[in-house]
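Let me begin by presenting the structure, written as structure tokens, before commenting on it.
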Amino acid sequence: MPASNILGQGILPSGAIGAELSAVTRRAYVPKMVVQIYNTSPGIAACLANAQVATGGVSSVSVPVQGQPFVNTTWTDYSGSFAQPPSQQGASLAEFALKAVITPIPFLGLEGAVQLDHAIVPLIEARMNDAGNSAVDVLSQAFYGNATNTQQLVGLPGAVDDSTNLVTYGNINRTANTWWKSTVYNAGSTAPTRKLVMQYIGGTNKAGGEMPTFGLMGFGTWLNLANDYIGAESYQTQPGMGFDSDADRPRSAFRALDVGGVPIYADPYCPEGFLYLINSNYFNLYVHEQASFAFTGFESLLSNYQLGYIGAVLSLLELVLTKPKTCTRVGSFTALTI
């Protein structure tokens with residue numbers, strides 16, 4: 001708030017003396033912008049850290065997938081005879097289009113003149129920093145929220161699905177091709193426990209033939225699972241050690257909850273009540289090689305009869321799951337209120 005609004009507080013005088021002091025004294029600013037409006041998302045952060053490269057083309061990410069056998073194996077006798085093998089169609093093409101997320105950045109010409117040599121925080125720098133934060137926030141929301149909007153990143157509700165939310169994924173119909181479905185469970189409004197989560201991990205392994213790599217939960221759901229761990233913790237000390245003084249003091253709880261070798265992480269963007277079990281061998285974010293948070297540069301707005309400039313940060317990307325049955329979605333867990 002302006003200094004005049006806090007006159008009479010602390011060491012500041014009030015009344016005319018305070019007004020005079022305010023008029024002749026500089027404010028003591030902290031020269032940084034503290035961002036208040038975004039969260040970090042472990043899910044989208046992991047995807048960006050391990051992103052794969054995509055290029056142009058009508059289908060920028062095209063993956064041949066096998067959904068039927070190409071050959072038939074049979075038993076034979078001493079004669080070694082077998083039936084004539086038919087030519088069987090076993091391959092399909094999964095096709096994904098890149099989605100565009102864009103953040104326009106304005107810069108008024110006279111704004112620069114006003115701030116020149118007098119900026120505490122240059123607004124153009126704040127906007128440039130916010131462009132990345134805003135884009136990641138939009139991606140994180142789509143990561144957990146979008147199943148059907150064809151202009152947005154298709155997130156986990158559409159990728160890890162049994163056709164409840166999205167029938168056609170990657171241009172392959174899940175109703176006609178059941179091998180393209182994920183396993184979806186309903187936990188029945190129960191609290192997540194190690195025993196239950198292990199059951200769903202086992203179901204994922206049975207359906208896809210592979211263990212999931214990691215899991216994602218909302219914070220309240222994750223904390224409800226953590227309660228199943230914390231009550232079983234024990235602490236051991238040795239002579240000469242103390243809980244309050246030893247550098248290697250006992251620690252409580254975990255940053256990730258390990259169930260059967262699968263770490264479960266909390267993500268503030270994940271809806272409560274859900275558990276996503278992901279296999280990272282088939283789960284990737286594809287980003288265009290020329291448009292990975294690329295800045296277009298500033299262009300003049302003089303043609304619009306305005307003194308100023310505008311630029312944009314652009315990304316072309318899509319979330320791709322090439323073997324949906326190796327991933328699982330569990331819903332209807334109970335969550336703690338936090």
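The values are calculated or read from the model by the stated rules, or taken from the named source; none is laboratory data. All figures in this text were calculated on a predicted structure; none of them were measured in a lab. Neighbour counts are summed over all protein chains in view; Cβ atoms, including those assigned to glycine, are modelled from backbone coordinates with ideal geometry.
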The lone exception for S292 - which of (1) in contact with a Ser or Thr (Cβ under 7 Å, 6 or more places away or on another chain); (2) surrounded by 16 or more Cβ atoms within 10 Å (Cβ to Cβ); (3) closer than 22 Å to C47 by Cα; (4) not charged (D, E, K, R) it fails: (2)
Residue list for region 66-122, filter: of a type in the set (D, E) and in contact with a Leu (Cβ under 8 Å, 6 or more places away or on another chain): E111
Hits in region 311-338 (condition: in contact with a strand residue (DSSP E or B) (Cβ under 7 Å, 6 or more places away or on another chain) and among the β-branched types (V, I, T)): V313, V320, T322, T328, V330, T334
Hits in region 300-320 (condition: out of contact with any Gly (no Cβ under 8 Å at 6 or more places or on another chain) and within 16 Å of N284 (Cα to Cα)): S315, L316, L317, E318
Test: residue in region 181-197 that is within 18 Å of T322 (Cβ to Cβ) and in a loop (DSSP other than H, G, I, E, B): yes
Of all residues making up region 150-178, the number that are surrounded by 15 or more Cβ atoms within 10 Å (Cβ to Cβ) and assigned to a helix (DSSP H, G or I): 4
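Can you tell me which of V184, V121, V197, V160 is within 23 Å of G67 (Cα to Cα) and either of a type outside the set (A, V, I, L, M, F, W, C) or more than 19 Å from the chain's Cα centre (by Cα) (or both)?
V184
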Positions within region 8-36 being on the phi < 0 side of the Ramachandran plot and either surrounded by 13 or more Cβ atoms within 10 Å (Cβ to Cβ) or part of a helix (DSSP H, G or I) (or both), in sequence order: L12, P13, A16, I17, G18, A19, E20, L21, S22, A23, V24, M33
Some residue of region 97-113 being in a loop (DSSP other than H, G, I, E, B), exposed (fewer than 12 other Cβ atoms within 10 Å of the Cβ) and at negative phi: no
Complete set of residues in region 259-310 that are among the aliphatic types (A, V, I, L, M), outside any loop (DSSP other than H, G, I, E, B) and in contact with a strand residue (DSSP E or B) (Cβ under 8 Å, 6 or more places away or on another chain): V259, V262, I264, A266, L275, L277, I278, L285, V287, A294, I310
Residue pairs meeting the criteria (Cβ under 9 Å; at least 6 apart or on separate chains; first more than 22 Å from K325 (Cβ to Cβ) and touching a residue at least 24 places away in the same chain (Cβ under 8 Å), in region 132-159; second acidic (D, E) and crowded, with 18+ Cβ neighbours inside 10 Å): S140/D267
Odd one out for T148 among (1) in contact with a strand residue (DSSP E or B) (Cβ under 6 Å, 6 or more places away or on another chain); (2) closer than 18 Å to A100 by Cβ: (1)
Options A147, A83: the member that is modelled with pLDDT under 95, of a type in the set (A, V, I, L, M) and either in a loop (DSSP other than H, G, I, E, B) or surrounded by 13 or more Cβ atoms within 10 Å (Cβ to Cβ) (or both): A83
Candidate set: region 27-65, residues that are at pLDDT 95 or above and of a type in the set (S, T, N, Q); chosen: the one farthest from C270 (Cα to Cα): S62
Residue among N5, N39 that alone is under 25 Å from A126 (Cβ atoms), in a helix (DSSP H, G or I) and either among the polar types (S, T, N, Q) or under 36 Å from the mean Cα position of the chain (by Cα) (or both): N5
Whichever residue in region 60-80 is in contact with a Phe, Trp or Tyr (Cβ under 6 Å, 6 or more places away or on another chain) and surrounded by fewer than 10 Cβ atoms within 10 Å (Cβ to Cβ) and, among such residues, is nearest to V320 (Cα to Cα): T74
Per-region count, region 83-121, residues free of Cβ contacts under 8 Å to residues at least 40 places away in the same chain and either farther than 15 Å from G311 by Cβ or hydroxyl-bearing (S, T, Y) (or both): 16
For G57: the one exception among (1) surrounded by 10 or more Cβ atoms within 10 Å (Cβ to Cβ); (2) part of a helix (DSSP H, G or I): (2)
